[in-house]
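Could you have a look at this structure, given as structure tokens, before my questions?
The values are calculated or read from the model by the stated rules, or taken from the named source; none is laboratory data. Everything numeric here is computed off the predicted structure, so don't read it as measured data. Using ideal geometry, Cβ is built from the backbone for each residue, glycine included, and neighbour counts are taken over all protein chains shown. Protein only, heavy atoms only, side chains kept; ligands, DNA and RNA dropped before computing areas. Shrake-Rupley method; radii C 1.70, N 1.55, O 1.52, S 1.80 Å.
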Amino acid sequence: MRLFLALFMLLSLVACSSAPPEPSAPQSLVDHSLWVDVGAADDPFEDRPEEFECSELSHGYDSIGGEDSLEVDTAGCDYLTVSQPSLASVLPGDQINLRLWHYSLDGPDGESHIAVTVGGELIWDLRLPIPGESELVSDSFGSELSAPEGSEVLFHLHNHGSNTYNFIELSVAGS
């Protein structure tokens, strides 16, 4: 009986040690109160118009549905690229989660352009048709990049018409 018990305990230890690690809980890569406008010289997006309107009062921290977000009201800011250092590292295979809410998109036929970079790498590029219905855009995907904590994160929005967007989540969960 003792031999059986010892063998059972040994097999249990081996089984536990070979189990894959649990993925970590998602950690935000950004603090929506820390976004800073990027100047023309540091803006990597090719759709930057020669002239555009972007009042500081038209974008900034907001709480929507009890969640922190970066709100952009395109009636006063039709082109925006903002930056901040990442709050966590991103490794290949990590799960990246993004969520963005927009109200109904009004304006002449066209599209909006939304993009996110981390450490200089484009990780999300979205074009939404205008006009369009309001929706919560949610996306999750495996990371292909390696970026240490403190890497530059850029959020980009180019839109025509009078619309409102809330960038809610950019998080990473370790694999």
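From the Cα trace of the range 20-98, what convex hull volume per residue do you get, rounded to a whole Å³?
Values: hull volume 10.3 nm³, N = 79.
So the per-residue hull volume is 131 Å³.
Can you check what the net charge comes to around Ala88, using other residues whose Cβ is under 10 Å from the Cβ of Ala88 (Lys, Arg +1; Asp, Glu -1)? The partial results should precede the final answer.
Working: positive: none; negative: Asp94, Glu149.
Within the 10 Å Cβ shell, the charges total -2.
Further question: For Glu67, project a label point 7 Å along Cα to C-beta. Then give me every residue of the range 155-174 with its amide nitrogen under 17 Å of that point.
Only 164-173 fall inside the zone, counting backbone N under 17 Å.
So if each residue of separation counts as 0.36 nm, and I subtract the Cα-Cα distance between Ser138 and Ser104, what length gain in nm does that give?
Numbers: separation 34, 0.36 × 34 = 12.24 nm, distance 1.63 nm.
Full extension of this stretch gives 10.6 nm more.
Leaving out ligands, DNA and RNA but keeping every protein chain, what accessible area does Asp94 have, in Å² rounded to the nearest 10, with a 1.4 Å probe?
Probe radius 1.4 Å; accessible area of Asp94 about 10 Å².
If you consider only alpha-carbon coordinates, what radius of gyration and Dmax does the chain have, in Å?
Over the chain's Cα set, Rg and Dmax evaluate to 21.3, 83 Å.
Here is a follow-up. Given a Förster distance of 30 Å, report the FRET efficiency between Ser28 and Ser162 from their Cβ-Cβ distance, rounded to the nearest 0.05.
Details: r = 29 Å, r/R0 = 0.98.
Computed FRET efficiency for Ser28 and Ser162 comes out at 0.55.
Continuing with the same structure: For the range 77-175, run through the GluC sites (Glu not before Pro) and keep only the ones in DSSP coil with at most 14 other Cβ atoms within 10 Å of their Cβ. Can you show the working numbers first?
On the way: sites: Glu111, Glu121, Glu133, Glu135, Glu144, Glu149, Glu152, Glu169; in loops: Glu133, Glu144, Glu149.
Within the range 77-175, the qualifying GluC sites (Glu not before Pro) (loop, at most 14 other Cβ atoms within 10 Å) are Glu133, Glu144, Glu149.
Take Leu122 and Ser55, extend 7 Å from each Cα along the Cα→Cβ direction, and tell me the distance between the two endpoints in nm.
With each label point 7 Å from Cα toward Cβ, the separation is 3.2 nm.
Enter the accessible area of Tyr79 (Å², nearest 10), with the probe set to 1.4 Å and all protein chains included.
For Tyr79, the solvent-accessible surface is approximately 0 Å².
Using just the alpha carbons, could you tell me how many Å³ per residue the convex hull of the range 55-115 encloses? Present the calculation step by step, with values, prior to reporting the outcome.
Numbers: hull volume 8.5 nm³, N = 61.
Taking the convex hull of the Cα positions in the range 55-115, it is 139 Å³ per residue.
Angle between the Cα long axis of helix 2-17 and the longest principal axis of the chain, 0 to 90 degrees, nearest 10?
Computed tilt is about 20 degrees.
With contacts defined as alpha carbon pairs under 8 Å and 6 or more residues apart, what's the relative contact order of the chain in percent? Could you put the intermediate results ahead of the total?
On the way: 387 pairs, mean separation 55.6, N = 175.
Taking the mean separation of contacting Cα pairs over the length of the chain, I get 32 percent.
For labels at Ser146 and Asp37 in the simple 7 Å Cα→Cβ model, what's the distance in nm?
3.7 nm
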